[in-house]
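S.K.: Have a look at the structure that comes next, please.
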Number of protein chains: 2
Amino acid sequence: MSEQMQRITLASRPDGAPEAGNFRLETGPAPTPGDGEVLMRVHYMSLDPYMRGRMDDVKSYAAPVPIGGTMEAGTVGEVIASNSPAFKPGDFAFGMGGWATHACLRAKELRKLDPAHGPITAALGVLGMPGFTGWYGLTKLGRPKAGETLVVAAATGPVGSMAGQVAKAAGLRAVGIAGGAEKCALAVEKFGFDACIDHRAYDTASDLRKAVAAACPDGIDIYYENVGGKVFEAVLPLMNTFSRIPVCGMIAGYNLGALGGVETSGPDRMPMLWRSILVKQMSVTGFIISNHYDLYPAFLAEIGPKVASGEIAYLEDIAQGLETAPATFISMLNGGNRGKQVVKLI
Amino acid sequence: MSEQMQRITLASRPDGAPEAGNFRLETGPAPTPGDGEVLMRVHYMSLDPYMRGRMDDVKSYAAPVPIGGTMEAGTVGEVIASNSPAFKPGDFAFGMGGWATHACLRAKELRKLDPAHGPITAALGVLGMPGFTGWYGLTKLGRPKAGETLVVAAATGPVGSMAGQVAKAAGLRAVGIAGGAEKCALAVEKFGFDACIDHRAYDTASDLRKAVAAACPDGIDIYYENVGGKVFEAVLPLMNTFSRIPVCGMIAGYNLGALGGVETSGPDRMPMLWRSILVKQMSVTGFIISNHYDLYPAFLAEIGPKVASGEIAYLEDIAQGLETAPATFISMLNGGNRGKQVVKLI
């Protein structure tokens, strides 16, 4: 006998922005863990922009979710059945459980959590993949030096707020870009950015550029790129010689159907970027954080205590109930979240 | 009393491809060296693609040549008068003398050459800026590993042929791209490329890509970018995960007027490049070789003996007479040269 579980599957692939109809809520029996497996009752699941990419059937760094498959997500929860000596019922753990109330995973795919060390949701955000992404991109690819200037887009998100706070601690000027006056105030007041520019207040990249330039009197040494689009276009001409651009994602571009299969970028289409890379001797490096988990222990050792002490602030936006996940996800892609978006399932 | 000198000045700025009328041959007295200065009778001057950039009045990594100013160039020649203890008449040296029969330079701006060590023209090509550029970009930014595949555009030029030969010596597969069957044969037979693709034989980037793909069965780990345009568009989809693109120039782009002042690259214009950087975790780094001369002694120590022994091959295309420089330069920008283009002035 097994308990009932709910999951959200990919009903159809989106054409542009995802809609509610692309998702389907399904109910069925929870699986029974096989040899070496563990059944987790999920308490919180993570919503992240990368999931948009998994909805398209295009070649990328990870396989797409199949039609009818459960949407992918990082999850934290309590072990309720275990066929592995590594876990016992009552243990808490992180794993890639998906958009579902229960997750059956191999024990070696789980990381044990100690709820005494702080909220388990931290494993989805500030001390999880997004926080690690912000830290890795800034410190390893951004190569920050005291006195330099960092610009971060999506400054109040879990990636950008980590990058900004780590930069401030390293003696940089940190300028955020965010959508709306409320987020900009949050960036400055909660996360300690020196300034934050509201990109929605400027219709054109050119106008946005003037505002960013005013906030960056010494130019930009690191642009932490996870947005693309108008913001990138505004920032590029302000980059200093020898500046660095770590590229970890492009929220603005994720809904461009063109992103999947465009093959038409001719020589006239990218001269500005290409010329900037050459003339400014910039270093632009893409990274997929899942390839760098050898550094995750170093990240935890450095940032974990700072989160515990409050030196590193974080913010979570918690939606309630699995059934709200599609609408919450769609809203998040349009900037509707405040901080790390999670969904509480219990 | 002073002897007569000839020089070629920038008469007007080109609109697109340079024309003969953009240059003017002028004659006047050679200058007399001041304190700490040296007068050189130029034997050979260098012609390089970067000079095209100096003809435009746009912000770049170096100031443009002013209208009426002497065109810039690296030169080698004999000291005929010296007001510095560091040089005496009869010494040979390299310096940035410009498109002129004589050059008056500060002694500290000159590097002494020993004609007994080989042809002095080598200081303009294989052991000069272009060879150093090929070596630096490949070894420091390309980070080659045995078994990987390098693709180099302009494979028979002094930059590309150095990159290809250094790569072969390091155990890589080296595939060149060049314009015309003759250059392709040269790349394979003289410079040891494993294969060379004639980009003129393919009308579209897509067709060119198929030919490059066939020559690179394991994909491309390093694309040494000094061309841009159709070749770049053909190569980009073939890049491997964690591949590297050192960017040292863009011959194909140099004549695009757009390159100077384009401000219109919107978010729809560069998604393919941007997506590739992210998904393939590529590292794209621009460099201006003049900022890296701290490594020039290391380059000379490594490559000098290999040039002397013949292990590193090089090819020079020598035009005769200062008055031929404009036509030779224009032809070179269209691929008319075979190897390093120099002009003999004496």
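The values are calculated or read from the model by the stated rules, or taken from the named source; none is laboratory data. Predicted, not measured: the structure shown is a model, and the values here were computed from it. Here Cβ is always computed from backbone atoms with ideal geometry, including for glycine, and neighbour counts include all displayed protein chains.
S.K.: So, in the stretch A:107-126, of the ones that are more than 12 Å from the chain's Cα centre (by Cα) and hydrophobic (A, V, I, L, M, F, W, C), which residue ends up nearest to A:Lys168 (Cα to Cα)? Talk me through it step by step, then tell me what you get.
M.R.: Keep residues of the stretch A:107-126 that are more than 12 Å from the chain's Cα centre (by Cα), which gives A:107-123.
With hydrophobic (A, V, I, L, M, F, W, C) added as a condition, the list becomes A:107, A:110, A:113, A:116, A:120, A:122-123.
Details: A:Ala107: 38, A:Leu110: 33, A:Leu113: 29, A:Ala116: 29, A:Ile120: 26, A:Ala122: 21, A:Ala123: 23 Å.
Out of the qualifying residues, it is A:Ala122.
S.K.: Among the residues of the stretch B:63-71, is any in contact with a Lys or Arg (Cβ under 9 Å, 6 or more places away or on another chain), in contact (Cβ under 8 Å) with a residue 40 or more places away in the chain and closer than 30 Å to B:Ala313 by Cα?
M.R.: Yes; the residues of the stretch B:63-71 include at least one that is in contact with a Lys or Arg (Cβ under 9 Å, 6 or more places away or on another chain), in contact (Cβ under 8 Å) with a residue 40 or more places away in the chain and closer than 30 Å to B:Ala313 by Cα.
S.K.: Condition (residue is in contact with a Cys (Cβ under 6 Å, 6 or more places away or on another chain) and either crowded, with 24+ Cβ neighbours inside 10 Å or part of a loop (DSSP other than H, G, I, E, B) (or both)) applied to the stretch B:114-130: is it met by at least one residue? Reasoning before the result, please.
M.R.: Filtering the stretch B:114-130 down to residues in contact with a Cys (Cβ under 6 Å, 6 or more places away or on another chain) leaves none.
For the stretch B:114-130, residues in contact with a Cys (Cβ under 6 Å, 6 or more places away or on another chain) and either crowded, with 24+ Cβ neighbours inside 10 Å or part of a loop (DSSP other than H, G, I, E, B) (or both): absent.
S.K.: Now a separate question. Just checking, how many residues over the stretch B:163-192 are in contact with a Leu (Cβ under 9 Å, 6 or more places away or on another chain) and assigned to a loop (DSSP other than H, G, I, E, B)?
M.R.: Number of matching residues: 4.
S.K.: Search the stretch A:20-77 for residues being among the polar types (S, T, N, Q) and within 24 Å of the chain's Cα centre (by Cα), and hand back the single one that is nearest to A:Ala103 (Cα to Cα). Steps first, please.
M.R.: From the stretch A:20-77, those among the polar types (S, T, N, Q) are A:22, A:27, A:32, A:46, A:60, A:70, A:75; that's our starting set.
Keeping just the survivors that are within 24 Å of the chain's Cα centre (by Cα) gives A:22, A:46, A:60, A:70, A:75.
Details: A:Asn22: 22, A:Ser46: 14, A:Ser60: 25, A:Thr70: 11, A:Thr75: 9 Å.
Looking at residues that are among the polar types (S, T, N, Q) and within 24 Å of the chain's Cα centre (by Cα), I get A:Thr75.
S.K.: Another question, if that's okay. Which of (1) at pLDDT 90 or above; (2) within 14 Å of another protein chain (Cβ to nearest Cβ) does B:Val231 not meet, given it meets every other one?
M.R.: Every condition holds for B:Val231 apart from (1).
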